[in-house]
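> Questions regarding the structure given below will be posed in turn.
The values are calculated or read from the model by the stated rules, or taken from the named source; none is laboratory data. It should be emphasised that the depicted structure is a prediction, and the values quoted were computed from it without experimental measurement. All Cβ positions, glycine included, derive from the backbone under ideal geometry; neighbour counts span all protein chains shown. What goes into the accessible areas is simple: the full protein's heavy atoms, side chains included, and nothing from ligands, DNA or RNA. Shrake-Rupley method; radii C 1.70, N 1.55, O 1.52, S 1.80 Å.
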Amino acid sequence: MVAAVETGQQEWAAIGRQYSADNVRGFAQVLTTLVPLAALWYAVAPSASISLWLTTAVTMLMVLFLLRAFVLMHECGHGSLFFTSRLNRAFGFVFGIVSGMPQFVWSKHHAYHHATNGDWSKYRGPLNIRSVDEFRAMTGTQQRLYLLVRKIWMAPFGGFQYLIFNPRFTWVAGSVAFVGHVLKGMVARPRVPLRTLAGSFKTPYWSDAREYWHMFFNNVVLLTVWVLMSLWIGPALFFSVYLASVSLAGGAAMVVFTVQHNFEHSYASGSADWDSDEAAMKGTSFLVLPRWLNWFTANIAYHHVHHLSARIPNYCLAECHNQYQHLFTDVKRIRLSDLPKSLNYILWDTRSRRIVSAAECRQQPGLA
């Protein structure tokens, strides 16, 4: 099995090298995302003076461009939007501001997902999937709550928590704890250098100083933008549009990401017999989307190709899929109409190594 995995990885590394990032195409993607977003924000105040329905239309368009911005932020984290590393870092930070997410920190966590894709004992996805045994150990109320918060219509609330609340809360909570740790240390051990006291601080919110400073600058710049935008068009109008658009875009991103790994009987192994290539083929789906929606999602629908070689730029994923489509016959294809059904598969059956639905769990008492 190990030899087979190594061979597969080598083959896909060779295929991935055929599709290199291009700075010109990267800049084109940046401009076609940020310029329309800026124009839509410029149109918010005039639209509100004409009709709230017009403002709603502007907001919904904004959702699509914010979804694209989030995927491009993800692309920068893989170092695949631009050929130049500095450009990926710079625009990754910019897209992190637009998305409300400290990009450097997010990308490190996302890299862990790629390194463990299909190993559900290490990574449970954005919905924090439980195993069948864990689900059965819950009370009836806990089971209903577990299922409720994972309904598709709850996605905007998840988007709010994911992109707006959590990044601000973790930064503030961690910073307050850090200051308290240093102050207590100064009182208890006044002769210990400040750098030593700071270095002894531990938190689940960041792993090192570099992560903290990325969180710091992301939040400071974003909060400054919030203030300036509130002064420009008024806080009520700004936050109404901002909270709605970011929450909807975040919810859409979570749904897209989830169904690309959670679908009927998708591959879900434990660490002992995990196979990364099998996980990419049988634990990652291909979302069949219309061309316009592929553009707004920066081709993330070709997720099976992305997981086999994350260095392939988004603007080359469709080409790679078409060229090597004979290799993807076993990849699950999901259409937009399949999304609600796919989101029912939110339990990990550890014995059969697959994702199952709560209905299957209840109908088959012997499952897992």
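> If you rank D277, D349 by how much accessible surface each has, with a 1.4 Å probe, what is the order from largest down?
D277, D349
> Given the C-alpha centroids of the stretch 50-111 and the stretch 297-365, what is the distance between them in whole angstrom?
23
> By accessible area of protein heavy atoms, probe 1.4 Å, what ranking do K184, K122 get, highest first?
The ordering from most to least exposed comes out as K184, K122.
> Continuing with this model, one more query. Restricting the count to DSSP beta bridges whose residues both fall in the chain, what percent are antiparallel, rounded to a multiple of 5?
About 45 percent, rounded to the nearest 5.
> Once ligands and nucleic acids are excluded and a 1.4 Å probe is used, how much of M186 is accessible, expressed in Å² to the nearest 10?
The accessible area comes out at roughly 100 Å².
> Less than 13 Å Cβ to Cβ from F104, Lys/Arg counted +1 and Asp/Glu -1: what total charge do the surrounding residues give?
+1
> Roughly how many percent of the accessible protein surface of the chain is carbon and sulfur, given a 1.4 Å probe and a whole-percent answer?
64
> In whole Å, what is the distance between the alpha-carbon centres of the stretch 236-274 and the stretch 171-209?
34
> Using Cα pairs closer than 8 Å and at least 6 residues apart in sequence, work out the relative contact order for the stretch 281-322, in percent.
36
> Keeping every protein chain present and rolling a 1.4 Å probe, give me the accessible area per residue for the chain in Å².
50
> List the residues, sorted by chain then number, that are 5 or more residues from L347 or on another chain and whose placed amide H is less than 5 Å from its amide H.
Under 5 Å from the amide H of L347: V356.
> What list of ³J(HN,Hα) values in whole Hz, one per residue of the stretch 343-359 in order, does the Karplus curve 6.51 cos²θ - 1.76 cosθ + 1.60 (θ = phi - 60°) give from phi, with Gly and Pro shown as x?
Result, ordered by residue: 6, 7, 8, 9, 9, 9, 8, 5, 7, 8, 6, 8, 9, 10, 9, 5, 4 Hz.
> Over the chain, calculate the relative contact order: mean separation of alpha carbon pairs under 8 Å at least 6 apart, over the residue count, as a percent.
Relative contact order for the chain comes out at 24 percent.
> Once the whole set of protein chains is in place, how much accessible area is left on Y162, using a 1.4 Å probe, in Å² to the nearest 10?
Number for this one is 70 Å².
> With springs only between Cα atoms under 10 Å, which of L183, L81, L289 fluctuates most in a Gaussian network model of the chain?
Sorting by GNM fluctuation, first place goes to L183.
> Could you point to the label whose value was computed as percent of Cα pairs over 34 Å apart for the structure here, given (1) 21; (2) 33; (3) 26?
(2)
> Let me ask another. Rolling a 1.4 angstrom probe over the protein chains, ignoring ligands and nucleic acids, what is the accessible area of F263 in square angstrom, nearest 10?
My reading of the accessible area for F263 is about 10 Å².
> Taking square-rooted eigenvalues a ≥ b ≥ c of the alpha carbon gyration tensor, is the stretch 211-276 rounded, prolate or oblate, where a/c under 1.5 means rounded and, failing that, a/b exceeding b/c means prolate?
oblate
> Quick check: with the 1.4 Å probe, what order do F157, F82 take by accessible area, largest first?
F157, F82
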